[in-house]
Amino acid sequence: MPEPAAPPAILLIQTAFIGDVILATALLEYLHQTEPATPVDFLVRKGNEGLVQHHPHVRQVLIWDKKTNKYGGLWQLLKQIRQTKYGRVVTLQRFASTGFLTAFSGAPERIGFEKNPLAFRFTRAIPHVVAAGVHEVSRNLHLLSPAYEGPVVPPRLYPTPTDEATAASYAAAGPYICLAPTSVWFTKQFPEEQWLKLLAALPPQYTVYLLGGPPDTATCQQLLERTQRPGVVNLSGKLSLLASAALMRGAVLNYVNDSAPMHLCSAVGAPVCAVYCSTVPFFGFGPLSPFSRVVELEEELECRPCGLHGYRKCPLGHFHCAHGIRTQQLLAVLAEAETVRL
């Protein structure tokens, strides 16, 4: 007898930042668990495709070049999406562009959040609820299954053998700590002076690897040049995202901001200490690694949080939510991570 035909494919759309794409991989895990026969395609912005190009649960990666061919690329993608005849198109974003692709995809099921301007053309639109204890992964999972009440499905990335080999070459030097000092947003980024205090206080037996993408290289290099601590290596711009994730997985601890490297840790189960400055875990973007700790200002500030995504400068000029964090808070997490590792 002929094999039954595969179910119609599903398209997931997430063309925002790296961290958003990483969190969206939780839906790939969920679909693999609940609908293993359903082909899944994934649409991302150009530059983020490396995260999912070799993902075992992704059939095809669609790429939108938002910088050089934004609107022309959007029309080309719509044509491609309509020709593919997806059974479901799901946008995880609340912007008109991805709402447009979803609304006019031709798919029988067109799904997204109510806040999307094109939600009136979706077959199902659900609220995007920011509430205590509700993680972004859970909000996304409700797009696929509105009645879902199970545990948060962690995101997951799959470094290639090449990525693993790259990470192993640095891991072979002995016990190490990774530090990802930057963020797209100034008020999400722990200040350089604060990182320098931590570097000076870290135990000498650890190599410290500075991680980031090409745009972060200059900041990491300045940090390297200013610290007096030996054993600090700037790997910013030298590793792929997946190689960075593989390296972080083997670290004693990873110090990160509320930014993409935190989600890299979540996606490979790497031990993480997430430093929160202007934002708060309440928003639902916290770390999901088995060993996850959040460090933030111990005192209450009326102005914190000042926004969901952060700002290019502190609105009040003092940035006390970052400068008021004590180095000892960060060292205490390392001591705990060392105990857990033993």
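Residues whose amide H falls under 5 Å from that of F113, counting only those 5 or more places apart or on a different chain, are I126, with hydrogens built in the peptide plane.
Past the 26 angstrom mark, what percentage of all C-alpha to C-alpha distances in the range 166-341 do you count?
That fraction is 22 percent.
Backbone amide hydrogens, once placed in the peptide plane, bring G213 within less than 5 Å of G237, excluding anything fewer than 5 places away on its chain. Restricting the calculation to Cα atoms, the chain shows an Rg/Rh of 0.99 when the hydrodynamic-style radius is the Kirkwood one.
Backbone geometry of the range 158-167 corresponds, through the Karplus equation with coefficients 6.51, -1.76 and 1.60 at θ = phi - 60°, to 3J(HN,Hα) couplings of 10, x, 6, x, 5, 4, 4, 5, 4, 5 Hz, x marking Gly and Pro.
Using C-alpha pairs under 8 Å with a sequence gap of at least 6, the mean separation divided by the residue count of the range 152-230 gives a relative contact order of 34 percent. Across the range 183-342, the relative contact order, built from alpha-carbon pairs under 8 Å that are at least six residues apart, equals 26 percent. Within the listed set L196, L92, L23, the Gaussian network model of the chain (springs between alpha-carbon atoms below 10 Å) gives the highest mean-square fluctuation for L196. Taking θ as phi - 60° and the Karplus parameters 6.51, -1.76 and 1.60, the scalar couplings of the range 293-301 work out to 10, 10, 10, 8, 4, 6, 9, 7, 10 Hz in sequence order, x denoting glycine and proline.
The 3J(HN,Hα) values that the Karplus relation (6.51, -1.76, 1.60; θ = phi - 60°) gives for the range 9-19 are, in residue order, 5, 10, 10, 9, 10, 8, 10, 8, 7, 3, x Hz. Gly and Pro appear as x. Principal-axis analysis of the Cα atoms of the chain puts helix 217-226 at an angle of about 10° to the longest axis. When the chain is treated as a GNM with alpha-carbon contacts under 10 Å, the residue of L27, L118, L301 showing the greatest mean-square fluctuation is L301. The angle between the Cα long axis of helix 70-84 and the longest principal axis of the Cα atoms of the chain comes to about 50 degrees, rounded to the nearest 10.
Only the coordinates and a few stated rules stand behind these numbers; no lab work does. Keep in mind that this is a model prediction, so the values were computed, not measured.
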